[in-house]
Amino acid sequence: MTNSTTGSPGTSRSYELSDLAALEAESIHIIREVAAEFERPVLLFSGGKDSIVMLHLARKAFWPARIPFPVLHVDTGHNFPEVIEYRDRTVAAIGIELVVGHVQHDIDAGRAVEDTGPRASRNRLQTVTLLRSIEEGRYDAVFGGARRDEEKARAKERIFSLRDEFGQWDPKAQRPELWSLYNTRHRRGEHLRVFPLSNWTELDIWRYIATEEIDIPSIYYAHRRPVVQRDGMLIAVTPFISVDDDELAYEEVVRFRTVGDATCTGAVESVAATVWDVIEEVSATRITERGATRADDRISEAGMEDRKKEGYF
Amino acid sequence: MSELLRFATAGSVDDGKSTLIGRLLYDSKSIFEDQLESVERVSRERGEDYTNLALLTDGLRAEREQGITIDVAYRYFATPKRKFIIADTPGHVQYTRNMVTGASTADVALILVDARHGVLEQSRRHAFLSSLLGIRHLVVCVNKMDLVEWSQARFEEISREFREFATRLDVHDLTFVPMSALLGDNVVNPGVNMPWYTGRPLLALLEDVHIASDRNLVDPRFPVQYVIRPMQHDHHDYRGFAGTVAGGVFRVGDEVKVLPSGMTTTISSIDTFDGPVEEAFPPMAVTIRLADQVDVSRGDLLCRPHNAPVVAQELDATVCWMSERSALVPGGRYVLKHTTRTTRAMVVDLQYRLDINTLHRDEQADELTLNEIGRIRLRTQQPLFFDEYRRNRTTGSFILIDEVTSTTVAAGMLREPQAKPTVTPASSPNVVWQTGTTGRERRWETLGTTGMTVWLTGLSASGKTAIAGELERLLLDESRNAFLLDAELLRFGLNADLGFSNADRSENTRRIGEVAKLFAEAGTVAIVPVISPYAVDRARVRRLHEEAGLAFVEVFVDTPLEECERRDPKGLYRRARAGEIAGFTGVDDPYEPPTSPELVLRPTNGTPMQQARLILDRLPRPE
């Protein structure tokens, strides 16, 4: 990203960094700080674009050494096969340990009870599996790819955000966070969620994917697939959802703006086939990523805040 | 090239701050339809006459309910010229800490003034805090011009008054913009109501303000954050020092000095994932390799041999207190984080409390409470390598952390030291970490030794003496000068006149401390196993050492009382329980465990030998 000798667009003679180079440097600083001050960090990796960028930054932070921590995927079992294939290929290429927390295991063990009905989603159940995985791995720092531009409650969350021994967030008891001095202290059993992409926006992520030529799962680009209309969103027809009698499944050229549980991640109509097409589309779009494509965030005004308090990503 | 600009906004709901931000986002087309729809719906439900753009920016439920912004919220928008990060902070005096937080990373501050009310106490406060936090560019938004009939005279009156006040502050660049955030004039678009205003709208100013030279590009500073040693076949001998450049420009081939060791070497390579670079400047995150094998670890700093930061343990700082649970008082001890270095610090003196509205200094103040700002003197356990905050915001700032609650309790900005001269770093980190005297340096160097005191405190029968014996043996095995000061033996000689009253115990601890200090001064590792039950006495011994510039390593041998009683090698607990011994520590006299020892040893750490090894690992090592 920053190469002053070759005169790349990142820098200039006046010692200025581009906005992306500055964001990258900040994120790398955060990632290194975690590696230096925590015993057992882990990076949440779903195969979604934010976690892909985060993993890419982690590689940069420690190069030429390998990333000194594993990645964790909380797997609802409702996956897009393209994403799982991407995940396994990427992890193998980097040579990093992958830990998978299966929501199914928590359902089988009775720790989580699945919603029923045609609109059932396992999205909420991920919290149970996430917290169990953190506890089992004794992780004391958990990297998440959340960005502050995603949602109002996130706009006020710290980059280093404390979770108590129940994994819960207390928005009233946040530590002041000044300069780039991060308070990493925590008691045994507590952990910190660390968000190196806090200051990135959706558009920044896409511009970075483009300039760094980062490979991402194919479902982010336009493709034809069967969908149904639900609550104004296009939900992919997969074995994990049941199509109601009054719903009509049809084929559409779509792409995904976010990648999550296949039952509640909406697609958008799009013909954006390359990363540059996507950037053009995102620049022009007038609807937020979550508003457009996350059924789970539409629950209530304070939906995300409540979920975060419980320990959600 | 698109550049990043961070700005802070301070103001209360009444000033129209949230409306201003909403207007910036809305008119620059940075608000999404779904966000706007939701705001319009809420506005309608509340029966408001117009779409309340302020609703776009208040995040947490409590804030929505109370209708106020109570924390720092970060907002993002971009124009083709710049990406903007807004730190949106509340304006009331009870949220000073939030304002300080938001200002800490900002390049520009927007100060909101209601044109009807003029320059109020809170406008002055916002301006002062912005300048205190080192923000060079202030834009005074004279808002609600629609409510003063777009009066040029009113605008000029306010500008004049503000300018007068600002001469007392450290502000480099002061701009005034008359506007109406509600109606949009001069926020993004010029509007038609103030033809007399020849300046540009706010957004245009923000797009063009020159911030690149605000960074310090003169004094090279590289705090080492993380040492990269791949332990892989393909990069077997690689050893790189990763970090973020905090000041100046580093180039390949530059001679650099390492603090605290004082060693000099040259930069052989500046590495990034994308390939080596010729130079690195703030805020680049890079990995520096050095030509010589020198000892460098996290918390060290690379600078230039003839341009080094201040190295000191006595620090003058302006702090903002951020805790509602406790107050800053002289004698308070904290964990201090400065660049990549974490050490302990004690408040030596509170010089004054500053009234942030009047700038009056109250030298009679004996504490700082939540949101108060004052000048203090600190003493740190290890020296800091710093620049005055005004010269460098990265190497000039620190936070204080409460050791018990682990919360961040203060933000501090370092000042050039006044009374005491700077400690010149010597060639060894072990000598450097305390101020030294010439006689000692010469003695230690000649004898090839490093003196210090290892103080083992804990209950009777906790295993202190056994561990101390093993430690003495380990040190002697390494040909290091060590001596076990047996407190019990001292009671037969030096302390033969003392009994076991509280006063006598204090005096016992004091004398042992003085003796240990002399041994340390002479170049010996004085190993002192002594119950020393009272925290205040141990603190006094620590101070004694720190003032003499000697390392003091407090080891808390934390064996549970039940286990000590079970061991009871001399039958003392049994006798104490039977009432034969009065005032026995742990039975009927308190033991005050250390809150911030250098090391805690528990039975789970293994045998006395294994425990002694843990201590050995923690001791400063001779060359």
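The values are calculated or read from the model by the stated rules, or taken from the named source; none is laboratory data. Here the structure is a predicted model, which means the values were calculated and not measured. As a convention, Cβ positions derive from the backbone with ideal geometry for all residues, glycine included, and neighbour counts pool all protein chains shown. Ligands, DNA and RNA are stripped out before the accessible areas are found, and what is left, the full protein with its side chains, is counted by its heavy atoms. Shrake-Rupley method; radii C 1.70, N 1.55, O 1.52, S 1.80 Å.
A few comments on the model shown:
- The residues on offer are B:G247, B:G253, B:G262, B:G240, and the sole one that is of a type in the set (G, A, S), modelled with pLDDT under 95 and within 29 Å of B:R391 (Cβ to Cβ) is B:G262.
- Selection count, segment B:84-139, where residues are closer than 16 Å to B:A166 by Cβ and away from every other protein chain (no Cβ under 11 Å): 26
A quick yes/no check of all residues on (1) in contact with a helix residue (DSSP H, G or I) (Cβ under 7 Å, 6 or more places away or on another chain); (2) at pLDDT 85 or above; (3) within 13 Å of chain B (Cβ to nearest Cβ); (4) surrounded by fewer than 19 Cβ atoms within 10 Å (Cβ to Cβ):
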residue	(1), (2), (3), (4)
A:L197	yes, yes, yes, no
A:T201	no, yes, yes, no
A:W206	yes, yes, yes, no
A:V228	no, yes, no, yes
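- With respect to the stated conditions, B:D349 is charged (D, E, K, R) and over 14 Å from the mean Cα position of the chain (by Cα).
- The set of residues in segment B:105-164 that are of a type in the set (S, T, N, Q) and either under 30 Å from B:M413 (Cβ atoms) or open to solvent by less than 30 Å² (accessible area, probe 1.4 Å) (or both) comprises B:T105, B:Q122, B:S123, B:S130, B:S131, B:N143, B:S159.
- Hey, B:V227 open to solvent by 10 Å² or more (accessible area, probe 1.4 Å), assigned to a strand (DSSP E or B), within 10 Å of chain A (Cβ to nearest Cβ) and of a type in the set (V, I, T) or not: yes
Yes/no per residue for (1) closer than 25 Å to B:I85 by Cβ; (2) modelled with pLDDT under 95; (3) open to solvent by 10 Å² or more (accessible area, probe 1.4 Å):
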{"position": "A:M1", "(1), (2), (3)": "yes, yes, yes"}
{"position": "A:T5", "(1), (2), (3)": "no, yes, yes"}
{"position": "A:S8", "(1), (2), (3)": "yes, yes, yes"}
{"position": "A:T11", "(1), (2), (3)": "yes, yes, yes"}
{"position": "A:Y15", "(1), (2), (3)": "yes, yes, yes"}
{"position": "A:L23", "(1), (2), (3)": "yes, no, no"}
{"position": "A:I31", "(1), (2), (3)": "yes, no, no"}
{"position": "A:E37", "(1), (2), (3)": "yes, no, yes"}
{"position": "A:V42", "(1), (2), (3)": "no, no, no"}
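- Residue under evaluation A:S218, criteria (1) farther than 30 Å from B:F273 by Cβ; (2) open to solvent by 10 Å² or more (accessible area, probe 1.4 Å), criterion not met: (1)
- Across segment A:93-114, the number of residues qualifying as surrounded by 15 or more Cβ atoms within 10 Å (Cβ to Cβ) and modelled with pLDDT under 90 comes to 1.
- For segment B:249-266, the set of residues classified as more than 13 Å from chain A (Cβ to nearest Cβ) and buried (at least 21 other Cβ atoms within 10 Å of the Cβ) consists of B:V256, B:V258, B:L259, B:P260, listed by residue number.
- All positions within segment B:1-26 that are more than 14 Å from chain A (Cβ to nearest Cβ), at pLDDT below 85 and surrounded by 16 or more Cβ atoms within 10 Å (Cβ to Cβ): B:A10, B:G11, B:S12, B:V13, B:D15, B:G16, B:K17, B:T19
- Of all residues in segment A:175-182, none are over 22 Å from B:T339 (Cα atoms) and assigned to a loop (DSSP other than H, G, I, E, B).
- If you filter segment A:155-172 down to residues that are open to solvent by 10 Å² or more (accessible area, probe 1.4 Å) and among the basic types (K, R), you find that the one that is farthest from B:D71 (Cα to Cα) is A:R158.
- Hits in segment A:180-195 - residues which are in contact (Cβ under 8 Å) with a residue 40 or more places away in the chain and open to solvent by less than 20 Å² (accessible area, probe 1.4 Å): A:Y182, A:T184, A:H191, A:L192, A:R193, A:V194, A:F195
- Segment A:58-76 - residue that is surrounded by fewer than 24 Cβ atoms within 10 Å (Cβ to Cβ) and either closer than 19 Å to A:N199 by Cα or of a type in the set (D, E) (or both) and, of those, modelled with the lowest pLDDT: A:D75
- Among the residues of segment B:584-623, those identified as more than 27 Å from B:T343 (Cα to Cα) and surrounded by 14 or more Cβ atoms within 10 Å (Cβ to Cβ) are B:F584, B:T585, B:G586, B:V587, B:D589, B:P608, B:M609.
- Every test in (1) touching a strand residue (DSSP E or B) at 6+ places or on another chain (Cβ under 6 Å); (2) open to solvent by 20 Å² or more (accessible area, probe 1.4 Å); (3) under 16 Å from B:L20 (Cβ atoms) is passed by B:L183 save one, and that test is (1).
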